[in-house]
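Q: Sharing a structure, written as structure tokens. Questions coming.
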Amino acid sequence: MQLNGQHTDVLIVGAGPSGLMMAAQLLRYGIQPVIIDSRQGPTDQSKALAVQARSLEIYRQMGIVDKALKDGKPAEGVTFNQNGHKIDSFSVKNIGTGETPFPFVFLYQQSKNERLLLDYLTRQCCPVYWNTTLVSLKPGADKTTAIVNDGNEDAMLTCRYVVGADGAHSVVRKQLQIPFNGDVYAQEFFLADVVLDNPELTDSFIQLYLQDRGFTGFFPMPEKNGYRIIGNLPEKATDNIADLQLEDVVPAMNAITGLDIQVIKNNWFTTYRLHHRMADSFSKQHCFLIGDAAHIHSPVGGQGMNTGLQDAYNLAWKMAFVISGHMSENILESYAAERMPVARTLLSTTDRAFKIILSKNWFVSFFKKHLLSKVLKYVWSKESWREEFFKRVSQIGISYRDSQINLHLSNATKVKAGDRLPYLKVFDEKKQEETDLHEWCAKPGFTLIVLGSFKELDLFTLAKWLSQHYPGLINFFYLPASAKNQPVFDAFEIPKGKKKAIIVRPDMHIGFINDVVAIDMMDNYLVNVLGLKKQ
Ligand SMILES: Cc1cc2nc3c(=O)[nH]c(=O)nc-3n(C[C@H](O)[C@H](O)[C@H](O)COP(=O)(O)OP(=O)(O)OC[C@H]3O[C@@H](n4cnc5c(N)ncnc54)[C@H](O)[C@@H]3O)c2cc1C
């Protein structure tokens, strides 16, 4: 077997969305991982349906977002129905305008995401070793030995790092003996990817039908009249679950929705149980867990795949900087420190929401029947709450303010070190064109942005300091004060005549903000806080 006897810097186990994103991000830094998957090839099962704005921002940074935008579509809103009657509709159309280049909830199946990332890997000459299963791992002091099998024979390879992106039943997690605590929901669910002849379902609104007996949700797919249907199985149906077909659940669906469901094409039907679990630790002995290997939860809010993509995005640049010798290994500890709180919050919020959807408790039923629509209407009428909702669902509100690898040396309170870099339009005075801060951070590596009025000599000194001591690692931009750029100065709370230095991490989170632009203070951050090796 080709892999036998090889040594690799990174072995990625699993070529689902998390593993593929991990590989793609490492490739951006010139690191070639070995990525294996026990499947025969990429999936055609749709699985996750929503790609959130934060994930699209990553695709934009990678230069692949246009393809995704072409092949998916934004959801227009959500309609709540109770006992067959519409109670209310809430539009999510361009709900996050001004906050991100992608101010919507985007519908683009997991299978398409995987294809998109796989194409990226192919262009970078990084093959996925399909039909190759991790059998065992033996972590050592400076390398881990992995045994993999291609269906015929075992191969042994040694790895500096192992990334377990191998899903809920992760062998990596089990080999590391990391507990995966949590629980399983009592109910059984079904999922169907179908084409329907039900014009009353309006193609681009998510339709949720809640009823005492259960729920059914219709999620529009990018293809015309294509829907993902999710619902809980009728109690009687769970007796013969292995043989269950779509036709068996249609009567229950009709009863819950009051519709006459007409299936034109059934692409995929499956039943499943949902768990909410989280690994006790996201790393152990040079091995890391990302995506479903680290956390699983109910699909409420369409967060699972996106969280896996963000795990990979967070870990990959840190690993790449260590492997290329630019950073000390301590930086890798910040992966678990930053991502475990995100997963913890996600598990508790999705669990609460899911329990409300499923509850048969009389009080919750009363709430759903009589109060839910009024509460939602009230919440939706407040712009600030709509903004908060979008920030959470889109994942653009995730911040690492408490992380040890960020440093906030500023009186500003609106945007702080650890936050995602806000999406702000800027007028580039040098090129005389409109761009935005995210575009400035498109290149791999850190980005230093200085704002305010600087003498040419000061800018020259900054550029020289970067190129001499951190060559190729930190991109540099300068934004002078101007009427056109005043919103940027306002966002960062920069008073008239003052300056600011912002160092943006490769994952577009702010690492450092200082109201003073001083090289020694930036050196201190880069070397002593981040562990970057100064030349
Ligand atoms: C019904 C449903 C709807 C969902 N909807 C959404 C949604 O709208 N939005 C959202 O964000 N998420 C959603 N999710 C969740 C989403 O599908 C998962 O979170 C996502 O697949 C996780 O990706 P992953 O790469 O971490 O793991 P996986 O996709 O599970 O990939 C793991 C890979 O590892 C491979 N593997 C496993 N063991 C081994 C081994 N020993 N050796 C080699 N390879 C191995 C597997 O073959 C697999 O390809 C939904 C999930 C379900 C079930």
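The values are calculated or read from the model by the stated rules, or taken from the named source; none is laboratory data. Remember, predicted model here, so these are calculated numbers, not experimental data. As a convention, Cβ positions derive from the backbone with ideal geometry for all residues, glycine included, and neighbour counts pool all protein chains shown. Ligands, DNA and RNA are stripped out before the accessible areas are found, and what is left, the full protein with its side chains, is counted by its heavy atoms. Shrake-Rupley method; radii C 1.70, N 1.55, O 1.52, S 1.80 Å.
Q: Using only Cα atoms, figure out Rg for the chain and give it as a multiple of 2.2 N^0.38 Å.
A: Taking N as the residue count of the chain, the ratio is 1.02.
Q: Amide H neighbours of I87 under 5 Å, counting only residues 5+ apart in sequence or on other chains, H built in-plane at 1.01 Å?
A: Here the answer is F80, N81, Q82, since their amide H atoms fall under 5 Å of that of I87.
Q: Could you work out how far apart the two model spin labels at L69 and K377 are, taking each label as a point 7 Å from the Cα in the direction of the beta carbon, and quote it in nm?
A: Modelled inter-label distance: 3.6 nm.
Q: Please list E433, E456, E383 in order of solvent-accessible area, largest first, computed with a 1.4 Å probe with all protein chains present.
A: Most to least solvent-accessible, the answer reads E456, E383, E433.
Q: Separate question: In nm, to one decimal, how far is the R352 label point from the N225 one, both placed 7 Å along Cα→Cβ?
A: 4.1
Q: Under a Cβ-Cβ cut-off of 13 Å, what is the net charge of the residues other than A279 that fall near it, where Lys and Arg count +1 and Asp and Glu count -1?
A: +2
Q: Be a star and scan the range 271-295 for residues whose amide nitrogen sits under 18 Å from the point 7 Å along the Cα-to-Cβ vector of E333.
A: 281-289
Q: Just to make sure I understand: if all protein chains stay in place, what is the order of M508, M521 by accessible area at 1.4 Å, largest first?
A: M521, M508
Q: Please give the per residue accessible area of the chain, computed with a probe of 1.4 Å over protein heavy atoms only, in Å².
A: 43
Q: Ordering K67, K416 by how much accessible area each has at a 1.4 Å probe, largest first, what is the list?
A: Descending accessible area places them as K67, K416.
Q: Can I ask one more? Taking the range 407-530 on its own, what percent of its Cα-Cα pair distances exceed 22 Å?
A: Cα-Cα pairs in the range 407-530 separated by more than 22 Å: 28 percent.
Q: Roughly how much of H286 is accessible, in Å² to the nearest 10, using a 1.4 Å probe?
A: It works out to around 50 Å².
Q: Considering only the other residues whose Cβ falls under 10 Å of the Cβ of G445, what net charge follows from Lys and Arg at +1 and Asp and Glu at -1?
A: With Lys, Arg at +1 and Asp, Glu at -1, the neighbours total +3.
Q: Sticking with this structure for a sec: Could you calculate the FRET efficiency of K430 with R213 from 1/(1 + (r/R0)^6), where r is the beta carbon distance between them and R0 is 56 Å, rounded to 0.05?
A: 0.30
Q: Under 17 Å Cα to Cα from K496, which aspartates and glutamates show up? Leave out anything in the same chain fewer than 8 places away.
A: Reachable aspartates and glutamates: D515.
Q: Between A242 and D402, how high is the FRET efficiency from 1/(1 + (r/R0)^6) when r is the Cβ-Cβ distance and R₀ = 60 Å? Nearest 0.05.
A: 0.80
Q: From the phi of every residue in the range 160-165, what ³J(HN,Hα) in whole Hz does the Karplus formula 6.51 cos²θ - 1.76 cosθ + 1.60 yield, where θ is phi - 60° and glycine or proline is x?
A: Coupling constants for the range 160-165: 6, 10, 10, 10, x, 10 Hz.
Q: Structure shown: which of K382/K416; K47/K70; K464/K500; K67/K391 lie over 21 Å apart, alpha-carbon to alpha-carbon?
A: Result: K382/K416; K67/K391 exceed 21 Å.
Q: If you keep only loop residues by DSSP, which trypsin sites (Lys or Arg not before Pro) in the range 148-227 have at most 14 other Cβ atoms within 10 Å of their Cβ?
A: Qualifying residues, ordered by number: R213, K224.
Q: Give a residue-ordered list of calculated ³J(HN,Hα) values for the range 518-535 (Karplus: 6.51 cos²θ - 1.76 cosθ + 1.60, θ = phi - 60°; whole Hz; x for Gly, Pro).
A: Ordered by residue, 3J(HN,Hα) equals 10, 4, 5, 6, 6, 4, 4, 5, 5, 8, 8, 8, 7, x, 6, 8, 7, 8 Hz.
Q: Still on this structure: Looking at the square roots a ≥ b ≥ c of the eigenvalues of the Cα gyration tensor of the range 120-195, which shape do they give, rounded for a/c under 1.5, prolate if a/b is larger than b/c, or oblate?
A: Taking the square roots of the gyration eigenvalues as a ≥ b ≥ c, the range 120-195 is oblate.
Q: A further question follows. Once the Cα atoms of helix 372-381 and of the chain are each reduced to a long axis, what angle between those two axes, in degrees from 0 to 90 to the nearest 10, is obtained?
A: 30
Q: Which angle between 0 and 90 degrees, to the nearest 10, do you get for helix 383-394 versus the longest principal axis of the chain when only C-alpha atoms count?
A: Here the helix axis deviates by roughly 90 degrees.
Q: OK, next. Take every Cα pair under 8 Å in the range 407-530 that's 6+ residues apart, average their separations, divide by the length, and report that relative contact order as a whole percent.
A: Rounded, it is 36 percent for the range 407-530.
Q: A further question follows. N4 to S453: FRET efficiency via 1/(1 + (r/R0)^6), r the Cβ-Cβ distance, R0 60 Å, to the nearest 0.05?
A: It comes out at approximately 0.45.
Q: Calculate, in nm to one decimal, what V250 and W268 gain on full extension: separation in residues at 0.36 nm each, minus their alpha carbon distance.
A: Full-extension gain reported as 5.0 nm.
Q: Here is a further query. Gain in length, A412 to K93, computed as 0.36 nm per residue apart minus the alpha-carbon separation, to one decimal in nm?
A: The span from A412 to K93 would gain 111.7 nm if fully extended.
Q: If you fit an axis through the alpha-carbon atoms of helix 17-28 and take the longest principal axis of the Cα set of the chain, what angle between them do you get, 0 to 90°, nearest 10?
A: 20
Q: Run the numbers for A442 and K484: contour at 0.36 nm per residue of separation, minus the present Cα-Cα distance, in nm.
A: Taking 0.36 nm per residue and subtracting the Cα distance, the gain is 12.9 nm.
Q: Using a 1.4 Å probe on the protein heavy atoms, what percent of the accessible area of the range 407-530 belongs to carbon and sulfur?
A: Looking at the range 407-530 in its full context, I get 54 percent from C and S.
Q: At a probe radius of 1.4 Å, what is the per-residue accessible area of F390, in Å² to the nearest 10?
A: 10
Q: Work out from phi, with θ = phi - 60° and the Karplus expression 6.51 cos²θ - 1.76 cosθ + 1.60, the ³J(HN,Hα) of each residue of the range 337-344, listed in order in whole Hz, and give x for Gly and Pro.
A: 4, 8, 8, 5, x, 5, 5, 4
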